[in-house]
1. Can you tell me which of (1) within 24 Å of Gln128 (Cβ to Cβ); (2) in contact with a Lys or Arg (Cβ under 9 Å, 6 or more places away or on another chain); (3) open to solvent by less than 20 Å² (accessible area, probe 1.4 Å) is the one Ala171 doesn't meet?
2. Condition first: over 24 Å from Gly183 (Cβ atoms) and either open to solvent by 10 Å² or more (accessible area, probe 1.4 Å) or in contact (Cβ under 8 Å) with a residue 60 or more places away in the chain (or both). Now tell me which residues in the range 97-122 satisfy that.
3. Restricting attention to the range 47-81, and to residues there that are of a type in the set (D, E, K, R) and under 19 Å from Ala210 (Cβ atoms), which single residue is least open to solvent (accessible area, probe 1.4 Å)?
4. When you scan the range 154-167, do you find a residue that is modelled with pLDDT of 95 or more, under 16 Å from Gln300 (Cα atoms), among the small types (Gly, Ala, Ser) and surrounded by 21 or more Cβ atoms within 10 Å (Cβ to Cβ), even just one?
5. Identify the residue in the range 57-100 that is β-branched (Val, Ile, Thr) and within 17 Å of Cys298 (Cα to Cα) and, among all such residues, is farthest from the chain's Cα centre (by Cα).
6. Kindly indicate which of Asn204, Asn260, Asn226, Asn214 is closer than 23 Å to Ala167 by Cα, open to solvent by 20 Å² or more (accessible area, probe 1.4 Å) and modelled with pLDDT of 95 or more.
7. Regarding the range 183-201, can at least one residue be identified that is part of a strand (DSSP E or B), touching a strand residue (DSSP E or B) at 6+ places or on another chain (Cβ under 9 Å) and open to solvent by 60 Å² or more (accessible area, probe 1.4 Å)?
8. What tally of residues in the range 285-317 results from selecting those that are open to solvent by 10 Å² or more (accessible area, probe 1.4 Å), touching a residue at least 60 places away in the same chain (Cβ under 8 Å) and over 11 Å from the mean Cα position of the chain (by Cα)?
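The values are calculated or read from the model by the stated rules, or taken from the named source; none is laboratory data. These figures come from a predicted structure and were not determined experimentally. Cβ sites come from the backbone with ideal geometry, for glycine too, and all protein chains shown count toward neighbours. Side chains are part of the model used for accessible areas, which takes the heavy atoms of the whole protein and leaves out ligands, DNA and RNA. Shrake-Rupley method; radii C 1.70, N 1.55, O 1.52, S 1.80 Å.
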Amino acid sequence: MSNIGKTLRRPSAVVVAAALLGAVATLPAQALDAKWCKDVHIRFFVGGAEGDAFGTIVYNGAKQAEADLGPKIDYIFSGWDVEKMTQQLREAVAVKPDGIAMMGHPGDAAIMPLAEQASQAGIRMMYQNVPVPQVVAKFGGGYVGAQQEGQGRALGAEAFKLSGLKAGDKAIMIGPFDNENRGARERGTVAALKEAGINVVQINSVPEWAADPNLAIPVITGALLNNPDVKMVGYPGGQMLGNVPTYMQAAGKKPGEIFNFGFDTSPQIVEGFKAGWVQLTADQQPFLQGYLPILSLCQQVVLGLAPMNVDTGAGFVTPKNYEIVAKLAEQALR
């Protein structure tokens, strides 16, 4: 390029840079105003029913974000029913809010056409708890939650290490194995256990068990009676893991006789650790899955920032460290 060309372009670049700097300079003052997201309308998917053990923590995180930032939020409860979630997402897109924070449980295929409609309508999207990578790749959005397969594999490896099981021992793993996206976590756990030489009996869970874990009592007790040599049982969520004492007592088992493990924390799971019924859980910090999607949508709408992508899979809770999270779990914050 000639020096003349460089000289001609320089004033334009300076003008553009100055304009950008001027715009950026106004953002911090706006962001620091109280309730700086007050003009933003969001539909937020809690996932479970009202009062659900896991969903309550997600809800509490979202309510805290609402209090801190000030957006108008419509809370959507689905009872973990993926068909209901899909219909509710269809209705949410039709309302045309500024943003939607959606549970990814229905999966890429079900969400894809609705994400396209949202994109065409200018609705910002965030996803929580279950990733939908194909949807995000095509129509944008962010994700807050654990990476399903990775967390599942890590839990399986940790369960094998802490349980003292040996190759050839038998375990039961419960999970929504037929759900392509949501079931990746439990399929990862099964894969890790099988790689360690454990014989795994798989039980396919249904959404109703998350809403009412007592519904699984006959299936779990029947599986334990039919497999008396089982030494370990894994559960797909905090609702069922918190109900472990009921399952074990129904099957005539004592605390510690079976190594029980799974995902999430809750007051019931804390009590399970205290009484010796629960031996391991993977914490995915559902409070953040409530708070951060709303924060990200507010930042996208008001400040023009890119969507957040945050892995909330924090680590493991065991009988040795559960007291660290016990108080927050009892307050439905962890």
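1. (1)
2. The initial filter retains those residues of the range 97-122 that are over 24 Å from Gly183 (Cβ atoms), namely 97-99, 116-122.
Of everything in the range 97-122, those that are over 24 Å from Gly183 (Cβ atoms) and either open to solvent by 10 Å² or more (accessible area, probe 1.4 Å) or in contact (Cβ under 8 Å) with a residue 60 or more places away in the chain (or both) turn out to be Asp98, Gly99, Glu116, Gln117, Ser119, Gln120, Ala121, Gly122.
3. Asp52
4. Looking for residues that are modelled with pLDDT of 95 or more, under 16 Å from Gln300 (Cα atoms), among the small types (Gly, Ala, Ser) and surrounded by 21 or more Cβ atoms within 10 Å (Cβ to Cβ), one finds none in the range 154-167, hence no.
5. Ile73
6. Asn226
7. To start, the set of residues in the range 183-201 that are part of a strand (DSSP E or B) comprises 199-201.
If we keep only those that are touching a strand residue (DSSP E or B) at 6+ places or on another chain (Cβ under 9 Å) as well, we get 199-201.
Filter once more, so that each one left must be open to solvent by 60 Å² or more (accessible area, probe 1.4 Å): 199.
Yes, because at least one residue in the range 183-201 is part of a strand (DSSP E or B), touching a strand residue (DSSP E or B) at 6+ places or on another chain (Cβ under 9 Å) and open to solvent by 60 Å² or more (accessible area, probe 1.4 Å).
8. 12
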